[in-house]
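Take a look at the structure below.
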Amino acid sequence: MFHASARIPEIGQRRNFACRCERGALAVPRWLASASVIESEVQVVWSFLYLSVRNLFALVLLLGRSDRSKDVEILVLRHELAVLRRRSGRQRTEPPIVHC
């Protein structure tokens, strides 16, 4: 059930009153809800375009690199992985303790 937080405007007056739900949240007018949906869709499209262009540039840079620099990067990544494995250690799995 909605309760008007302001009086209802007369015909021809500007309508900027808000309604509150039982839980206290503001009810969003339909035109504003559709505008926010369109805005979020536009943000998704721009985000997709940004990621696409960024990955395209990364691919061009990767194709332009020499084999030696690629090998060095692989060695550095292997070293980082070895350090992380040493730091975390292996988790030992033990059989569950059963009390009889």
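Some observations on this one:
- Within the option set A35, A82, A58, A25, being at pLDDT below 70 and surrounded by 10 or more Cβ atoms within 10 Å (Cβ to Cβ) holds for one residue only, A35.
- Here S66 fits the description: out of contact with any Ser or Thr (no Cβ under 9 Å at 6 or more places or on another chain), surrounded by fewer than 10 Cβ atoms within 10 Å (Cβ to Cβ), modelled with pLDDT of 90 or more and among the hydroxyl-bearing types (S, T, Y).
The values are calculated or read from the model by the stated rules, or taken from the named source; none is laboratory data. On a predicted model such as this, the values are computed, not experimentally measured, just so you know. Cβ: placed from backbone, ideal geometry, glycine included. Neighbour counts: every protein chain shown.
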